[in-house]
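Peer 1: One structure, as structure tokens, below. Some questions next.
The values are calculated or read from the model by the stated rules, or taken from the named source; none is laboratory data. These numbers come from a predicted model, not from an experiment. Cβ placement follows ideal geometry from the backbone for every residue including glycine, while neighbour counts extend to all protein chains displayed.
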Amino acid sequence: MSKLITNSQILGELGETAVKKRFLTMGFQFDGRSRLEAGIDGIAEVMDRGKPLAKMIAVQVKATDSGKYVAEDEAGFSYTVREKDLDYWRRSNLPIILVLYRRSDESYYWKQIDVSVGVGVRKLRFDKVLDILNNEAVDRLAALTVPKAGFGYYVPPLGKGEEALVNILPVKLPPEVYVASTQYNAKRAAAILLDDEQPARFDWVIKGGSFWSFHDPRTSVCRDIVDLDQVEAIETELLAFHEDIDEQNNFAFLLRKALQHQVQQDIGWSKDRRLFYFRALEANTPRIFYYDAATRKADAQVVNVSRNKEDKSRTNFVRHHAFMPRFELIADQWYLVVSPTYYFTTNGFIPHSYPEALLSGKKRLDNSASLRGQVIMWHRFLTRAEKQSNDLFAPKEVEVNPLNFGEPPKISLPTRVPEDVWGSSKQKEYTETDQEEMEV
């Protein structure tokens, strides 16, 4: 009886050849195993622009000629691995991926095999968008080669470059700053202003008997805390670029106080958390900020109310968009460093007693695009008054803001780091709903 090569054997060979070609076109090396393989068809080696990195991935190929996968729809499908394959893979010292190749539509999908799963957990769910084996998967595949124990090592991003936004805003300083002598320290001066019938203002600093402010104290309630005959306007540069580091720190404090004053109608300051946050307009009521994003009109719910799922009349917590400010002098230019974060209250006004868990949960949901959007949003808010002052039809401000801000700088990066490379490898994702169910 003559020997016979089955269609299944031919299909398996076609599948391995097709997958090898796909890896080569993606910039990987791929070496097939011998006929003695027992569950790993080949080894893919990560390369960076043709340079082998000695970082290997074990690949098992499953090929099919046509037909649908289990529970296949437009979004994805399921695939169940064999128990004996899973037992074999658990002993591997390499990361293992399963590649599914379908000849009829030339589709390639891949999934990492989690060798830590328990016995019987063998069903994999493939996403038809996220799990395609193509150039978009290069960095995710390279990330698999980083050890999960020990200190790890660096795998460079292998994709093309991208444009990054730096979270610093150039500060446009006013031409003059007012200085005066005073007999009071900052604490005593604040008490005097609070006792006055006129509204107090605190956009000033006092240090060593010297008063600094961007507004003329003779025109406000601050006249009560300075020596009026000693008030003079000097060039801002004399204080802004002083060689003494203590003077620079004092000027940075003045910038923060001036910013706090000019945004106080919409933005609150948390002394304990050292951050600015959007004020709520009413208790337990969301607030939306409309602005021009990079390429389109946008809006952000800057005050978000989390309702109890069982009793909608109850509020779990209120989340406010916030940022931690820091003024830095870099190469003769002052910048405002914007570090986006969140502030939590019980009803929009009362600070939450235990915000740490809520903040940690929300931070896990943030990615690079989210942080970029928040930096743009804060820039649009901080420059809103300046744009309105140039609008002939906009209502005029009673007081001109002393501080204005330029666009955040952009830099070109030689490589791109996809969001999912830095994501959690856990199968259960943390969601916004999970956070809202937490009631601390």
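Peer 1: Starting from region 342-356, take each residue that is within 14 Å of residue 302 (Cα to Cα) and in the same structural domain as residue 267 (by TED's automatic domain parsing) and list its partners that are part of a strand (DSSP E or B) and among the small types (Gly, Ala, Ser), counting only C-beta distances under 7 angstrom and pairs at least six apart or across chains.
Peer 2: Close Cβ pairs (under 7 Å, with a partner that is part of a strand (DSSP E or B) and among the small types (Gly, Ala, Ser)) amount to 342/322; 343/270; 343/322.
Peer 1: Among the strands (runs of 3 or more DSSP E) contained in region 1-95, which hold 3 or more residues that are out of contact with any helix residue (DSSP H, G or I) (no Cβ under 8 Å at 6 or more places or on another chain)?
Peer 2: On the way: elements: 29-32, 42-48, 51-64, 76-80.
Answer list for region 1-95: 42-48, 51-64, 76-80.
Peer 1: Name the single residue that is surrounded by the most Cβ atoms within 10 Å (Cβ to Cβ) among those in region 344-376 being hydroxyl-bearing (Ser, Thr, Tyr) and more than 29 Å from residue 163 (Cα to Cα). Step through it out loud before you land on a result.
Peer 2: If we filter region 344-376 for residues that are hydroxyl-bearing (Ser, Thr, Tyr), which is where we start, we get 345-346, 353-354, 360, 368, 370.
Among the residues that remain, those that are also more than 29 Å from residue 163 (Cα to Cα) are: 345-346, 353-354.
Working: 345: 23, 346: 15, 353: 8, 354: 9.
Out of the qualifying residues, it is 345.
Peer 1: Here is a further query. Looking only at strands (runs of 3 or more DSSP E) that fall completely inside region 272-359, which ones have 1 or more residues that are within 26 Å of residue 173 (Cβ to Cβ) and among the polar types (S, T, N, Q)? Walk me through it before giving the result.
Peer 2: On the way: elements: 275-278, 287-292, 297-307, 315-329, 334-345.
Result: 334-345.
Peer 1: Which residue pairs have Cβ atoms under 8 Å apart, sit 6 or more places apart or on different chains, and have a first residue in region 126-137 that is touching a residue at least 40 places away in the same chain (Cβ under 8 Å) and polar (S, T, N, Q) and a second that is part of a strand (DSSP E or B) and buried (at least 19 other Cβ atoms within 10 Å of the Cβ)?
Peer 2: Listed pairs, sorted by first residue: 134/108.
Peer 1: Could we say that residue 233 is outside any loop (DSSP other than H, G, I, E, B), exposed (fewer than 15 other Cβ atoms within 10 Å of the Cβ), modelled with pLDDT of 95 or more and in contact with an Asp or Glu (Cβ under 7 Å, 6 or more places away or on another chain) here?
Peer 2: Values: outside any loop (DSSP other than H, G, I, E, B): yes; exposed (fewer than 15 other Cβ atoms within 10 Å of the Cβ): yes; modelled with pLDDT of 95 or more: yes; in contact with an Asp or Glu (Cβ under 7 Å, 6 or more places away or on another chain): yes.
When the stated conditions are applied, residue 233 passes them.
Peer 1: Condition check: modelled with pLDDT under 95, surrounded by fewer than 16 Cβ atoms within 10 Å (Cβ to Cβ), over 34 Å from the mean Cα position of the chain (by Cα) and under 20 Å from residue 134 (Cα atoms). Does residue 87 satisfy that?
Peer 2: Numbers: modelled with pLDDT under 95: yes; surrounded by fewer than 16 Cβ atoms within 10 Å (Cβ to Cβ): yes; over 34 Å from the mean Cα position of the chain (by Cα): yes; under 20 Å from residue 134 (Cα atoms): no.
So residue 87 does not fit the description; no.
Peer 1: Would you confirm whether or not region 43-65 contains a residue that is more than 19 Å from residue 144 (Cα to Cα), of a type in the set (Ser, Thr, Tyr) and loosely packed, with under 14 Cβ neighbours inside 10 Å?
Peer 2: No, every residue in region 43-65 fails to be more than 19 Å from residue 144 (Cα to Cα), of a type in the set (Ser, Thr, Tyr) and loosely packed, with under 14 Cβ neighbours inside 10 Å.
Peer 1: When the residues of region 325-361 are narrowed to those that are of a type in the set (A, V, I, L, M) and touching a Phe, Trp or Tyr at 6+ places or on another chain (Cβ under 8 Å), which ends up nearest to residue 373 (Cα to Cα)? Show your work before the answer.
Peer 2: Looking only at region 325-361, we keep the residues that are of a type in the set (A, V, I, L, M), and these are 329-331, 336-338, 350, 357-359.
Keeping just the survivors that are touching a Phe, Trp or Tyr at 6+ places or on another chain (Cβ under 8 Å) gives 329, 336-338, 358-359.
Values: 329: 25, 336: 17, 337: 15, 338: 12, 358: 21, 359: 18 Å.
Looking at the filtered set, the residue picked out is 338.
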